[in-house]
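The values are calculated or read from the model by the stated rules, or taken from the named source; none is laboratory data. Because the structure is a prediction, the values reported are computed rather than measured. Don't worry about glycine lacking a Cβ; one is built from the backbone with ideal geometry, like all the others, and counts go over all protein chains shown.
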Amino acid sequence: MNDFRAGRRSTDDPTWWRDAVVYQVYPRSFADSDGDGIGDLRGLLDRVDYLQELGIDVVWLSPIYASPHDDNGYDISDYRAIDPAFGSLDDLDAVIAALHQRGMRLVMDLVVNHTSDEHPWFVESASSPSSEKRDWYWWRPPRAGFAPGELGAEPTNWGSFFSGSAWQLDEASGEYYLHLFSRKQPDLNWENPEVRAAIYDMMRWWLDRGIDGFRMDVINLISKDPALPDGVVAPGGLWGDGFPHYAAGPRIHEFLQEMHREVFEGRDRHYLTIGEMPGVTIDQARLFTDPRRRELDMVFQFEHVGLDHGPAGKWSPAPVDIVALKRSLASWQEGLADAGWNSLYWNNHDQPRVVSRFGDDGRYWFESATALATVLHLQRGTPFVYQGEELGMTNAPFVGIEQFRDIESLNYFAEAVEVLGQPRDEVLAGMRRASRDNARTPVHWSADPHGGFTTGSPWIDVHPDFARINAAAQRGRPGSVFEFYRALIALRHGLAVVVDGDFGMLEPEHPALFAFTRTLGAERLTVAANLSSEPIVMPFEPTGETVVANYPPGDRSILRPWEAIVTRTTGS
C-alpha cells in the first residue's frame, strides 16, 4: 500500500483525516491544458506539485463525470465515464497515481440525490409508466381536479432550489417528476432498493479504481417523506417550502448505515466520507458523524454561510454580524467536541469569495484574507481550501446578466425580473455579491493572458485583477497570501494541539475581536484576530511566542485592522 501522508497519523489509522487539509478542485475553472477554455484533468495533473508545495493532503475533485452540464457537471448522465471536456479515465488514473506518489489522496464528488435527465436510468424511467425503472424516480399524477400543465396541477407545491416548481410535467405520460434542483436533474427514489443497490455498486467500482473517498452532494436530501405533503408558502412567495419533508427524512440514517455497510466495510483501509447537508443541525450532525454509528466522517453545514442573508435570502446579502458569526462557529465547536468532527470552510464552488464576503477586499485585502484564514484553520476540525482561496481571489466585477453562467443565478434573474417584476439593477446587485459564479471564475496562475488559465477563450470571464493576484507572484514570496496559507497548514501538520486541542472561546460578545484558545495538556495556542478595518484595544494581551502573524511585530495591546496573531505557551 502507498505510504500516504496524513500528519502524525499512519495510513492505517481510521481517523487519518483529522490531521489533513483538503483542497477543492472545480475542474472547469482550475487549469486548461488544451486551450479549449475549459479546465481539465491534464491541467490538474500539471499542478499537482503546486498542491504538494502548499501542503495539501487530500484533493476533493468536483464532478468530472459525463454530463450535459446543465448544472456544470452536477447533472450526471454516466457515473462511470469521464466527460470528454475533462479528459479520459486514463487521465484520471494518472492524476490518482501522481497524488498517491506524493502522499496525497483523491476524494470524488458523489451526486446521488439526482441524475441528469439524460442518464439511461431516467431515459428508461420516462419511456413509459409501465417501465421497470419507472419507480427509480419520483413520478406522480397531477393534483386531483387539475389538468396536466395547469397551474396548481403540480403534485405538491414545493419550490425548486433553482426557482420555479420542483415538479416538471412529462407531456408524453401526463405525469410529473420531482426535481429539487434543475428540471434536468430528476431526483432518484431511494425508497427503491434497486436504486440503492445500483448506487452502491457504482461506488465500489470507483473505490476499486483507487480513489480515497467521497464528498456526498446534498446527501441529507435522499430520504423524502413518501407522503410528499405540501409545504408552507411564505408571504409573497410563489411556492411552498418542502424542505421539512425531504431534508433528513425518515430513513436517512438507515440509508447511510446501509451505504457504509455495503460500500466501505471489509476493505483494507478507511476512506474519507463527507456529507454536504443543507440545514443540518448540531444534534443531527452528532448522529451523522459519531463513528460508533458508522455513517459519515464529517458533514458540511451551512449555518455560518447563511448569516449574511437578508430578507430575500442569499440574493439580498447584508453585512455579517461578527458576534453572530463567532456564536455560530463556537456552537459547532462545542456541539461536536465529544462526538463527531467538524469540517471547516469559508469557500467552495457554491459560495462567494470570503475575502469579498466577510473581509475587506480593497485596502485590507491581504490582511483580511489572512485573518479569516487564521480563525478558520486553527479551529478544531478538518480545513477545506477552495481553489484560489490560498491566493486571496476576490468576487468578480460582473456588470450584466450576459456575464453570468450559473443556472441558479440565471433562473433567479428570470423569475425575479420577468415574473415578479423586481428592478433589474437591484436584482443584479444582489447577484454580484451572492452568485455562485464568483467562485467559478478561473484560477489565476500568472500575469499571462487569461491569468495563465488557458491559451484559448475561457468559458467564463477571468477576473480582471489576475495580473495583481496570481500564483506566480505569490509562491515563495514572504508576506503573500499563499505563503501564509502554507504556514497555517504547516502548523496543523506540526502541532498536535491544532488537531486535538480543546477549543475555548474568548470575548464572545466583542463586536470585532475573534479570539479563542486551543489547549492540549500543558500546551496552549491563543488565537486573536481583529475582523474589522479599524484598530481595536485588546481586552487581554496575548502571551507566549508568536507562531503565526499577518503583521510585523507590534504592540500586543492593540490589534491593527484585520490583524491576526497566534501565540503559544507550554509548561505549567
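The residues on offer are D57, D70, and the sole one that is among the acidic types (D, E) and over 30 Å from S163 (Cα atoms) is D57. Within the range 458-476, being closer than 16 Å to G43 by Cβ and assigned to a loop (DSSP other than H, G, I, E, B) holds for P458, W459, I460, V462, N470.
Scanning the range 139-167 for residues that are surrounded by 20 or more Cβ atoms within 10 Å (Cβ to Cβ) and in contact with a Lys or Arg (Cβ under 6 Å, 6 or more places away or on another chain) yields one hit, P155.
Within the range 142-165, residues that are closer than 27 Å to A312 by Cβ and free of Cβ contacts under 8 Å to residues at least 40 places away in the same chain sit with their Cβ atoms under 7 Å from residues that are of a type in the set (S, T, N, Q) and in a strand (DSSP E or B), at 6+ positions apart or across chains, in these pairs: E154/S165. Contact map, the range 113-129: first residue over 17 Å from E194 (Cβ atoms), second residue of a type in the set (D, E), Cβ cut-off under 6 Å, separation 6 or more or different chains; pairs are S116/D75. Only residues that are assigned to a helix (DSSP H, G or I) and within 30 Å of Q422 (Cβ to Cβ) were counted across the range 221-263, and they come to 5. Here E418 does not qualify as of a type in the set (D, E) and either assigned by TED's automatic domain parsing to the domain that holds S29 or within 19 Å of E276 (Cβ to Cβ) (or both). Taking the criterion of being of a type in the set (A, V, I, L, M) and assigned to a loop (DSSP other than H, G, I, E, B), the residues of the range 324-369 that qualify are L336, A337, A339. The residue that is farthest from Q387 (Cα to Cα), among those in the range 461-472 that are in contact with a Phe, Trp or Tyr (Cβ under 9 Å, 6 or more places away or on another chain) and surrounded by fewer than 20 Cβ atoms within 10 Å (Cβ to Cβ), is D461. Take the residues of the range 264-277 that are part of a loop (DSSP other than H, G, I, E, B) and either within 23 Å of the chain's Cα centre (by Cα) or not assigned by TED's automatic domain parsing to the domain that holds D208 (or both): which is surrounded by the most Cβ atoms within 10 Å (Cβ to Cβ)? The selected residue is M277. Residues in the range 36-46 that are crowded, with 19+ Cβ neighbours inside 10 Å and either among the β-branched types (V, I, T) or assigned to a loop (DSSP other than H, G, I, E, B) (or both): I38, G39, D40. Applying the set (1) in contact with a helix residue (DSSP H, G or I) (Cβ under 6 Å, 6 or more places away or on another chain); (2) outside any helix (DSSP H, G or I) to L372 leaves exactly one unmet item: (2). Looking across the range 206-220, the residues that are closer than 26 Å to H349 by Cα and part of a helix (DSSP H, G or I) come down to W206, L207, R209, I219, N220. Evaluated against (1) closer than 17 Å to L372 by Cα; (2) of a type in the set (A, V, I, L, M, F, W, C); (3) in a loop (DSSP other than H, G, I, E, B); (4) out of contact with any helix residue (DSSP H, G or I) (no Cβ under 6 Å at 6 or more places or on another chain), W562 falls short on exactly one condition, (4).
In the range 375-396, the condition of being surrounded by fewer than 24 Cβ atoms within 10 Å (Cβ to Cβ), assigned to a helix (DSSP H, G or I) and polar (S, T, N, Q) is met by no residue. Only one of the numbered conditions (1) surrounded by 20 or more Cβ atoms within 10 Å (Cβ to Cβ); (2) closer than 25 Å to V218 by Cβ; (3) not charged (D, E, K, R) is violated by M104, and that is (2). Scanning the range 308-347 for residues that are among the small types (G, A, S), surrounded by 14 or more Cβ atoms within 10 Å (Cβ to Cβ) and touching a Gly at 6+ places or on another chain (Cβ under 8 Å) returns A312, S316, S343. Scanning the range 487-512 for residues that are closer than 29 Å to P319 by Cα, surrounded by 15 or more Cβ atoms within 10 Å (Cβ to Cβ), in contact (Cβ under 8 Å) with a residue 24 or more places away in the chain and of a type outside the set (A, V, I, L, M, F, W, C) gives E507, H510. Residue count for the range 51-98 under the criterion of being assigned to a strand (DSSP E or B) and touching a residue at least 60 places away in the same chain (Cβ under 8 Å): the result is 4.
Does R196 satisfy the criteria of being more than 22 Å from the chain's Cα centre (by Cα), buried (at least 18 other Cβ atoms within 10 Å of the Cβ) and modelled with pLDDT of 95 or more? Yes; evaluated as a whole, the condition is true for this residue.
Restricting attention to the range 354-374 and to residues that are within 16 Å of H304 (Cα to Cα) and hydrophobic (A, V, I, L, M, F, W, C), the residue that is surrounded by the fewest Cβ atoms within 10 Å (Cβ to Cβ) turns out to be F358.
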